[in-house]
1. Testing residue 217 on (1) at pLDDT 95 or above; (2) in contact with a Pro (Cβ under 6 Å, 6 or more places away or on another chain), one condition comes back false. Which one is that?
2. Working only within region 341-368, note down all residues that are polar (S, T, N, Q) and either in contact with a strand residue (DSSP E or B) (Cβ under 6 Å, 6 or more places away or on another chain) or modelled with pLDDT of 90 or more (or both).
3. Could you count how many residues in region 333-353 are within 14 Å of residue 138 (Cα to Cα) and in a helix (DSSP H, G or I)?
4. Quick one: is residue 353 crowded, with 17+ Cβ neighbours inside 10 Å, farther than 30 Å from residue 147 by Cβ, more than 18 Å from the chain's Cα centre (by Cα) and among the aromatic types (Phe, Trp, Tyr)?
5. Show the residue pairs that are 6+ apart or on different chains and have beta-carbon atoms under 7 Å apart, the first residue being within region 200-219 and within 20 Å of residue 190 (Cβ to Cβ), the second being among the hydroxyl-bearing types (Ser, Thr, Tyr) and part of a loop (DSSP other than H, G, I, E, B).
6. So which residues in region 108-124 are part of a loop (DSSP other than H, G, I, E, B), over 19 Å from residue 302 (Cβ atoms) and either basic (Lys, Arg) or out of contact with any helix residue (DSSP H, G or I) (no Cβ under 7 Å at 6 or more places or on another chain) (or both), if there are any at all?
7. Can you work out which of the residues in region 332-350 that are touching a helix residue (DSSP H, G or I) at 6+ places or on another chain (Cβ under 7 Å) and hydrophobic (A, V, I, L, M, F, W, C) is surrounded by the fewest Cβ atoms within 10 Å (Cβ to Cβ)?
8. Please determine, by comparing only the residues of region 368-382 that are assigned to a helix (DSSP H, G or I) and in contact with a helix residue (DSSP H, G or I) (Cβ under 9 Å, 6 or more places away or on another chain), which one is farthest from residue 218 (Cα to Cα).
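The values are calculated or read from the model by the stated rules, or taken from the named source; none is laboratory data. These numbers come from a predicted model, not from an experiment. Quick reminder, even Gly has a Cβ in these numbers, built from the backbone with ideal geometry, and neighbours come from all protein chains shown.
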Amino acid sequence: MKHFTQFLAAAALSVAALPAHAETTLTIHYPMPGFFKDVMDTISKKFMEENPDIKIQFAAPSATYEDGIQLILRQAGTPEMPDVTFIGLNRLRMLNERNVAVDMTPLVQKEGNMAEKGFSDTILKLAQVKGKQVGLAFATSNPIMYYNADLVKAAGGNPDTPPKTWDEVIALAGKIKALGNGVDGMDFRWQGDDWMFSALLFGAGGKMLSDDEQKVAFNGPEGQKAVELISRFVKEGGMPVFTKAAGEQAFAAGKVGFEFQTTGALVNTIKNVGTKFDLRTAQIPLIDPDKGHLPTGGNAVVILAKDPAKQDAAWKFAKFAAGPYGASVVVPGTGYVPNNELAAKSAEYLGDFYKKNPLFQAGLSQMPRMIPWYAFPGTNGVKVTQTIVDNLSRIVDGSAEPKEALDDAAGDVEGMLPRS
């Protein structure tokens with residue numbers, strides 16, 4: 001009897017030691033660790049505290065959005081594919097066309113109160129493809145003007161009233177270049193993808209393709225104005241042939257007057273500049289202030305898991321990461337603009353943040369101008385983007401005239417489009 005009692009006691013202890021719920025482990029992939037590692041660590045830690053039955057582990061991050069989409073497409077249908085990924089907004093179409101992502105539409109409909117959690121229809125549409133909810137927008141950005149107020153002042157400008165037109169930018173950047181001492185006038189982040197080119201194109205009221213997506217439209221009058229500007233940046237504004245990293249480093253070192261790139265780089269820029277000079281930000285000029293728009297950069301959280309239990313856990317994580325808490329981590333941690341309306345308005349999250357951090361206001365003020373980052377149809381999206389970048393490079397290095405490079409890009413891209 002004694003041994004039986006000891007057995008029962010031991011069994012009771014064993015049962016007590018078991019977790020209350022079976023643990024689900026989610027493997028999560030994300031891009032650009034320089035922007036997002038600290039953000040992801042913070043969000044996942046808080047999520048696991050609130051959901052102790054779900055464990056988060058991270059796959060090796062990808063260096064860029066382009067690397068990320070290609071990795072996921074290679075891993076699709078294999079054991080290596082993660083349960084959740086964060087994909088550039090302009091690559092959601094590729095996932096949808098290949099049926100890789102889980103359709104979130106039924107999940108959103110079942111939730112029923114997404115607007116109450118800060119997910120307005122406008123925000124939901126940022127991660128939709130032809131009405132299908134492929135993801136939830138996680139980090140959203142627009143391009144802004146960063147400037148060195150000390151150099152602006154030295155060149156005769158007024159740092160308190162930054163340029164509002166591209167003509168004004170180019171004129172002042174040329175004066176900064178003329179200061180000498182190894183100083184360059186400006187840097188425009190054209191490398192890597194088509195996002196900053198689309199900022200000029202959309203800013204002129206243009207579009208990438210025709211409405212039926214059968215013909216290239218970016219070589220129209222708006223696109224010609226865009227590439228002419230890029231040429232002027234070099235010839236009149238003192239823009240060198242920078243790599244992306246070199247341009248950022250030169251600006252942070254106080255050797256460039258104006259830097260044009262994503263607001264998502266703001267926190268890193270603030271850290272890298274430190275006290276070397278008076279850093280300011282402002283809205284990016286539009287070629288056509290009346291018709292112009294700006295592309296929405298950033299990424300969306302996407303569910304890939306096929307297992308029902310993992311899908312349930314992944315949906316909880318997606319809502320949390322893209323929700324008000326996630327936005328309250330992403331914005332001050334990177335510089336991205338809020339992807340969640342509740343986070344932007346509530347004092348509990350970011351309501352007072354912008355009053356205390358004026359450098360972040362440029363991106364926020366441009367949100368009404370934001371439209372989706374264009375996603376090219378078909379399987380050649382990455383090649384299309386690289387073709388545009390390669391031809392922009394020819395303009396910057398002076399090996400081709402703007403119209404020649406634009407027409408070459410249009411001709412090559414037209415041949416890559418799918419035919420219906």
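1. Just one mismatch for residue 217, condition (2).
2. Pass one, region 341-368, residues polar (S, T, N, Q): 346, 357, 361, 365-366.
357, 361, 365, 366, listed by residue number.
3. Result for region 333-353: 6.
4. Details: crowded, with 17+ Cβ neighbours inside 10 Å: yes; farther than 30 Å from residue 147 by Cβ: no; more than 18 Å from the chain's Cα centre (by Cα): yes; among the aromatic types (Phe, Trp, Tyr): yes.
Answer is no for this residue.
5. Partner pairs satisfying both residue conditions: 208/374; 217/210.
6. Scanning region 108-124 gives 112, 113.
7. Step one: of region 332-350, the residues touching a helix residue (DSSP H, G or I) at 6+ places or on another chain (Cβ under 7 Å) are 332-343, 346, 349-350.
Cutting the leftovers down to hydrophobic (A, V, I, L, M, F, W, C) gives us 337, 342-343, 350.
Numbers: 337: 27, 342: 21, 343: 25, 350: 23.
Ranking the qualifying residues of region 332-350, first place goes to 342.
8. Taking region 368-382 first, the residues assigned to a helix (DSSP H, G or I) are 368-369, 381-382.
Retained after the next criterion (residues that are in contact with a helix residue (DSSP H, G or I) (Cβ under 9 Å, 6 or more places away or on another chain)): 369, 381-382.
Values: 369: 19, 381: 15, 382: 17 Å.
Taking the candidates together, the pick is 369.
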